[in-house]
1. Answer yes or no: is there a residue in the range 20-36 that is outside any helix (DSSP H, G or I), more than 22 Å from Leu2 (Cβ to Cβ), modelled with pLDDT of 95 or more and not hydrophobic (A, V, I, L, M, F, W, C).
2. Residues being part of a helix (DSSP H, G or I) and at pLDDT below 95: count how many of those fall in the range 88-99.
3. Does the range 100-136 hold any residues that are surrounded by 13 or more Cβ atoms within 10 Å (Cβ to Cβ), touching a residue at least 24 places away in the same chain (Cβ under 8 Å) and part of a helix (DSSP H, G or I), and which are they?
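The values are calculated or read from the model by the stated rules, or taken from the named source; none is laboratory data. Source: prediction; values computed, not measured. Cβ sites come from the backbone with ideal geometry, for glycine too, and all protein chains shown count toward neighbours.
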Amino acid sequence: DLSQLAHFCADMVCSIWHFNSGLLEKPAEPAFRNFCYQVLSTSQVSVPVILLALVYIQRFKSSSPCTMGADSSEGRLFAVALMLANKFLDDGPFTNRTWSEVTGIPLSEINIMEREFLTILSFDLNMSHREFRSWSK
């Protein structure tokens, strides 16, 4: 069910993003849950793309552990990770402009976020089979 998947994504993103903020469990806000649902339903990306996006968010946070996730930044983080995972796994037909329309984030910001995200990940979007299996359990 897409609603449960969106709920899971919202909780995972918040858990990863706010891990070092002193909040052990920061529940996802309803607006972010709705954002996840809207993006997933509109984009219709596959489950492997979604899992890879969550891995990218974990890598981003691990590469920059002092980064404190600002409230309401989860949507932008999820959007850029999903966009990159879709480009990498599916060689997706969505352009950055399409992702801007799907997410409501201005195209100029999507482009900047993509470059910053890739820089923090050292442009390494590959994932081993073992890493993928451990995430998909």
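1. Going through the range 20-36, the residues outside any helix (DSSP H, G or I) turn out to be 20-29.
From the residues that got through so far, the ones that are more than 22 Å from Leu2 (Cβ to Cβ) too are 20-26.
Right, trim to modelled with pLDDT of 95 or more and you get none.
Scanning the range 20-36 turns up no residue that is outside any helix (DSSP H, G or I), more than 22 Å from Leu2 (Cβ to Cβ), modelled with pLDDT of 95 or more and not hydrophobic (A, V, I, L, M, F, W, C).
2. Narrowing the range 88-99 to residues part of a helix (DSSP H, G or I): 88-90, 96-99.
Still in the running and at pLDDT below 95: 88-90.
Here the count works out to 3.
3. Residues satisfying the conditions are Val102, Thr103, Glu109, Ile110, Met113, Glu114, Phe117, Leu118, Ile120, Glu131, Phe132, Trp135.
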